[in-house]
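Report on one structure; see the data block that follows.
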Amino acid sequence: MECALAGQPCAYSLQRWRARGAAAFLLLPCGAVAARCLGVLQLGATSATWFQSVPLPYALIAAGFCFGVAAYYLVWKYVVGFLNRELGIA
């Protein structure tokens, strides 16, 4: 893969960008493990309780995660597309 500048190899390959996209799916479990170990999160049969006072059903957590991933994808897609057009590399 070559960049538009002088035929030099690109610093970022497609595999690196895919790895960064996968980071979103790794941050949630890592954060949950850290919160559980610090006593901030308690896991029940039907919900997770934050700070011993805020219960969140698992369905709401799953829906929020899906919404967050979709919003992240769309914002990233359009921001990068806009910047590519501004730089003239689109």
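None of the figures in this text is laboratory data; all of them are computed from the coordinates on show. Computed from a predicted model, the values in this text were never measured in an experiment. Glycine also receives a Cβ, built like all others from the backbone with ideal geometry; neighbour counts cover every protein chain displayed.
Here are the numbers for this structure:
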{"quantity": "Full-extension gain in nm, LEU87 to THR49, via 0.36 nm per residue minus C-alpha separation", "calculated": "9.0 nm"}
{"quantity": "Chymotrypsin sites (Phe, Trp or Tyr not before Pro) restricted to region 31-90 and DSSP loop, no more than 13 other C-beta within 10 Å", "calculated": "PHE51"}
{"quantity": "Volume of the Cα convex hull of region 14-87, divided per residue and given in Å³", "calculated": "116"}
{"quantity": "Modelled label reach - LEU28, point 7 Å along Cα→Cβ, region 47-73 residues with backbone N closer than 14 Å", "calculated": "48, 57-73"}
